[in-house]
Structures are given as structure tokens and as C-alpha cells.
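The values are calculated or read from the model by the stated rules, or taken from the named source; none is laboratory data. Treat the numbers as computed from the prediction; the structure is a model and nothing was measured. Glycine also receives a Cβ, built like all others from the backbone with ideal geometry; neighbour counts cover every protein chain displayed.
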Amino acid sequence: MSFKEWFVKRSPLPEMWREHMAEYYAPKNFNIFYYAGSLLLLMVVLQFLSGFLVLAHYIPTARDAYDSVYGIMYDVHYGWLMQYMHVDGVSLIFVLLYIHMARGMLYGSYRAPREIVWIIGYTTYLAFMAEAFFGYVLPYSNLSYWAGTVITSLFKSIPFIGGWVTTLVRGGSGMSGDTLDRFMALHVTVVFLVIVGLIVFHILYLHKVGSNNPDGIEIKANKGSDGHPVDGIPFHPYYSVKDLFGFGVWLIIFGAIIFYAPTFHHVFLERTMSTPANPLKSLPDVTPPWYLSPFYAMLRSIPNKDGGIILMVVAVVFPFVLPWLDRNPVKSTRYRPVTRVMLIIFFINFFVLAYLGEQPPLPKYFFPERLGAVIYVAFFILLPFVSKFEPTRTPPARVRFRAH
Amino acid sequence: MSDETQDNKHAPNVTRRRFLTALVTVSGAAVAGTIAVPMVKSLDPTAAAAALATTTIDLSPIEPGMQMVALWQEKPVIVVNRTPEMLTTLDETEQKGLLKDPNCNVPQQPPYCKNKYRSRVPEWYVGIKICNHLCCIPHYRPKKGSVAPWWLGGFHCPCHGSMYDLSARVIKGSPAPHNMAVPEYDIDVEKKSVVVTKMYPLAHLC
């Protein structure tokens, strides 16, 4: 008996390999948007590595945190590289998350039978938001201090227990070294492990029901004599090799940003990150990182504290029910022109809100912000009715695919 | 197009595949290696830790026969003001053949300290007070007979009993392999000060 046979008899891995790679049949008509998923996996691994290496030099105390982060930049060998990998990696993860989610919305990947895949995925996005927030408080710059103060004070709006929750989160009445201790613990253990777990379940639930495709038709409905979908190809080697190519292109982009535009014109790394925390001096204008700013713009568009927070929470929660808001039998917006236009307006509006959220809180931005908030909410409210009555084209019986 | 050319068109070109697989493997390994180097390097001592901070030791409070320990880069540096009697014991230990390396051939000290005194100025011994065996801090035992009946004065390690003479040269029968390390330093006898500048790179601490 060879070692291989001996090992295979005892190992679950060959079976898992077949189920999830070599004999997982994915539709053959994936387009460029389908790179985002595998790239996100790559980025999470890279964040783990760079995060471990910056954590090795980080000191979570109010006195030393800021200096230790500057120590990473200037004293640690290649510390600047690890730091920029970790900081720019966050923004690129959100770029990929938005592409990944937009693709799911365009092609109806959230629809039955993939509702749970969508919900797990959207929860992962929220977990990434929490992870990013805890992460940018850790350097204890003035931005960290005030962003931490503002975000944790949102909990004060919870009825009855708000004050207690806020104190619990901060570990005191205000931001302090104790806050850094628990934020670091959350950042490197709980939230990170939650993200990893959610990703595992996202993939397992996806592989149970099978991948959607740009045409939004079920490839499992059309199986060949071998029992495999006619329009499906094994993930390995076809998509694993394709994703490997994607990794190469993506790493060139990632490298170019790290080496030539690490702060990305202060979008990925804000200027206010380079002054230490000062409880006596608020920032010139408190703006969130770009990936959170659409929700922030909605928050401040309502001239009422609790109203703004409620709108923001509603905006964050709405996508959870998306699978049940869409009532059209056709999944892909390739064959639903009205929904496609609505979605494109929704995407543009989202980025306009992101831009507005980065602007100083001046009255001239109030009207566009309110309009943006209305368009955001209107999409979800109109979708059940539009999807019910909109004209559709008939999707093809087989996926559209041109061999190359 | 005949069936044969059709088949040729679709038959896998094994050589080409092997070449492409090799290309991807090699370039993938190159990328992984390129990023692995800075990643591992980032765990090296930081520039701040490696920055060689110097320590200045004032010699004026050290009476003849006394010693003082100062902290330099998280390490104890001992300065001993040796009396002429103490210096004669150095010859005695050599003559009795007690020493593993009496001539200091192992570079445990900078070249300017390669003498029986293991120092720049015979009276003043400056060295790192770390046992060469397993990093313990030896005790200073200057009195004759204080460790053993034949003891002429020196250093005795409390952990595993390594013994050194008053120049911190290791005595035979000790588990320690080498003499204790001497850092690089400057001494100004007139101004009564020693500046420990850096570790002698060839010296082996423990």
C-alpha cells in the first residue's frame, strides 16, 4: 500500500476537493465581475499576514499606540510595506465587496434558492465594516479618536440601555487606552474569526445550491447524460486557473497602489490620521472612510438625531430583505431593462452619497444628501412593485456563451 | 476542414501545457518569495531597538577593589577597579594552568583588550556580566578562598557554577565555553568616565 492510499483512506480532503473544486460544476459564462469573489479570499489572506506582522509591533495603550504605529512606518524593516498593505488592503476589500454585491444584484444572485448565500454575504460585509472601524481606531490618531467617539456614541440612541452600552463598548466614559485594548481584542480575534466563519459558510451554502450566472438561468435544469449540467464546467481546473490569472492582474494593481499612491490622494489614508489623538481638539471636519460614507451622508441628511440614526440603520438593514422584495420570475437584469436602469441609478446614487459624505457638513450639501437618501430608500420600496409589473424579455434556454 | 485537423486543433498540446504550468509555478514562487522576504524581515529587531544607544559610566564613586554594574542595552555592564594585588592574581591563575583560554584567542573582546587584563587600562575591567554558559548573571567574588580553598578572586555563576578569574577568563571545569564578553568602549582615566559604545560583533554572549 502506497503512502498516498494510506493517507487517502484516512483523509476527508480528497472528498472535499472533489466536492468543492474538481467536481463543482460552475456555469461556463462567468464574466469579469466574477473575479471579485476569489480576489476577496486572496485579500483576506493578505490582510491576515500583514495584520499579524503589524500587530507584532503595535502597543495598545493611549500613550504608546500612535508612536508604535509610526515606529512601524520608520523603524521596522519593511514596516511601511506591511502598514500600507494592511491600510490599502482595506479599501481594496471594499472595492471588491461593492463589485461582488453589485454583480449579485445585477444578475439576481440573491434570488431563490440563494437567499441564504446573499444574507451570509451581506452579513460578512457588515462584519468587514466593524473590522475596518476597530482597525482605524487602533493607531489612536486624532481621526481614530474622534471617529471612535462619534461611532460609539451612536449606541447612546438605543432606548433605555444606550448609556450603559456606550460605556461598555468604550470601557469608560470616553475613549481611552482601555478602549484600545478591547478594540484590538475584537479586531484580531472575535470579528476576524466571525468573518472567516462567515466566508466558509458563504461558500458552503453557495456550493449546495450552485452558482448563478449573468443570464440568471439555472444550469442544473439542463443536465447531460453524465449527470452534470451541460452548461457547467468543473471549477478546477477551469475557474481555478482563471482566478490565478485574476490574482496576477490584481496583485499588479495592488502593488501599483502600495508603491506609487499609498494614500490614494488621502482617500485610503486620511490626512487626519497623521496627528495624535487630542481630546481637546476636534477634527476640522469629521468624515468617515469612503466605504462607510454613503451611510454617513444619509445619517446627517436628517436634521434630527434619532431620525438620522434610524434612517442609517434602515439603509444598512434593507439589503437583508432584498431576496423577498424582488417578485419577478426572471432573475437577471439582462432581461429586465427597467430594473437594470433602476439598479444603475442606485449604484450611481450610492457613489454620489459616498462623495457627499466626504464633504464638510455645509448647508449646500443638505439637499443633495436628502435626495440621495430618498433615491436609496425608494429603490427598495419601489422594487416589489416594479418587479411585479415590469416588462421582461424571455431569457434563453441555455446560457449565452461564445467560446474563445 | 478534415476531421483530422479538427482533432489536432483540439488535442491538448502537452508540451505547451507543461511550459505554461512551469512558467506559472516559477513566477508564482517568485512573487511569493519577493513578498516573503520583507514579511520575515519585518520581524527583525526594529531600527530603534538596534540603534546602538551608548551608556556613560562615571568611575569616580568606584573605590579600589570595588565594582559597579550599569545597565546598557538591557544588559548588565560591570566595571571593576582592580587593585595591584588583584592584578597579580591574573598571572597566578595563568601559571597554575587554571584557564581554558588564558591568551584570549577566542575573540570575546575587541582587539585592544586582547591581553591578560582584558581591558584598555589594566586597573579598570569593563565587561558584560553575563555568563557564557546559559545567560545567568555571575556573582562578583573578589575574596580569596570565598568559592573554593584555591579561589583567587573572580566571578562565580549561581546557576551552574561556572567560574571566572578577575579578568572574567573562564576557569577549567566550568560549563561555560568561553571568557565573558567585553563590549567596545572608550575610557578616559583623567575624567573618570567610560563610554560603552557597542557590542563587539564577534563576541558570543551566551
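Things worth noting here:
- Residues in segment A:221-245 that are of a type in the set (D, E, K, R) and either within 26 Å of the chain's Cα centre (by Cα) or farther than 15 Å from residue A:400 by Cα (or both): A:223, A:226, A:242, A:243.
- Close Cβ contacts (under 8 Å, 6 or more residues apart or on different chains) running from residues in segment A:295-320 that are part of a helix (DSSP H, G or I) to residues that are surrounded by fewer than 14 Cβ atoms within 10 Å (Cβ to Cβ) comprise A:300/A:361.
- Among the strands (runs of 3 or more DSSP E) confined to segment B:142-206, the ones with at least 3 residues that are closer than 14 Å to residue B:110 by Cβ are located at B:184-188, B:193-198.
- Test: residue in segment B:145-152 that is under 21 Å from residue B:70 (Cβ atoms) and surrounded by 15 or more Cβ atoms within 10 Å (Cβ to Cβ): no
- Check on residue A:269, within 14 Å of chain B (Cβ to nearest Cβ) and within 20 Å of the chain's Cα centre (by Cα): no
- All positions within segment B:27-46 that are at the interface with another protein chain (Cβ under 9 Å from one of its Cβ atoms), of a type in the set (Ser, Thr, Tyr) and under 16 Å from residue A:49 (Cβ atoms): B:42
- Some residue of segment B:77-84 being assigned to a loop (DSSP other than H, G, I, E, B) and at pLDDT 90 or above: yes
- Meets criteria (within 21 Å of residue A:156 (Cα to Cα) and part of a loop (DSSP other than H, G, I, E, B)) for residue A:286: yes
- Considering each residue of segment A:246-255 in turn, at least one proves to be under 27 Å from residue A:359 (Cα atoms), surrounded by 14 or more Cβ atoms within 10 Å (Cβ to Cβ) and not acidic (Asp, Glu).
- Among the residues of segment B:47-56, just one is in a loop (DSSP other than H, G, I, E, B), in contact with a Phe, Trp or Tyr (Cβ under 9 Å, 6 or more places away or on another chain) and within 14 Å of chain A (Cβ to nearest Cβ), namely B:53.
- In summary, residue A:115 fulfils each of the numbered conditions (1) within 14 Å of another protein chain (Cβ to nearest Cβ); (2) surrounded by fewer than 18 Cβ atoms within 10 Å (Cβ to Cβ) with the single exception of condition (1).
- Test result for residue B:15, more than 14 Å from chain A (Cβ to nearest Cβ), at pLDDT 90 or above, closer than 30 Å to residue B:155 by Cβ and assigned to a helix (DSSP H, G or I): no
- Subset of segment B:57-69 that is surrounded by 13 or more Cβ atoms within 10 Å (Cβ to Cβ) and in contact (Cβ under 8 Å) with a residue 24 or more places away in the chain - its residue that is farthest from the other protein chains (Cβ to nearest Cβ): B:65
- Spans of helices (runs of 4 or more DSSP H) in segment A:15-109 with at least 3 residues away from chain B (no Cβ under 14 Å) and of a type outside the set (D, E, K, R): A:35-55, A:79-106
- Residues that are farther than 13 Å from residue B:125 by Cα and crowded, with 19+ Cβ neighbours inside 10 Å, drawn from segment B:175-199: B:176, B:178, B:179
- Residue count for segment B:102-135, restricted to those that are crowded, with 19+ Cβ neighbours inside 10 Å and not in a loop (DSSP other than H, G, I, E, B): 6.
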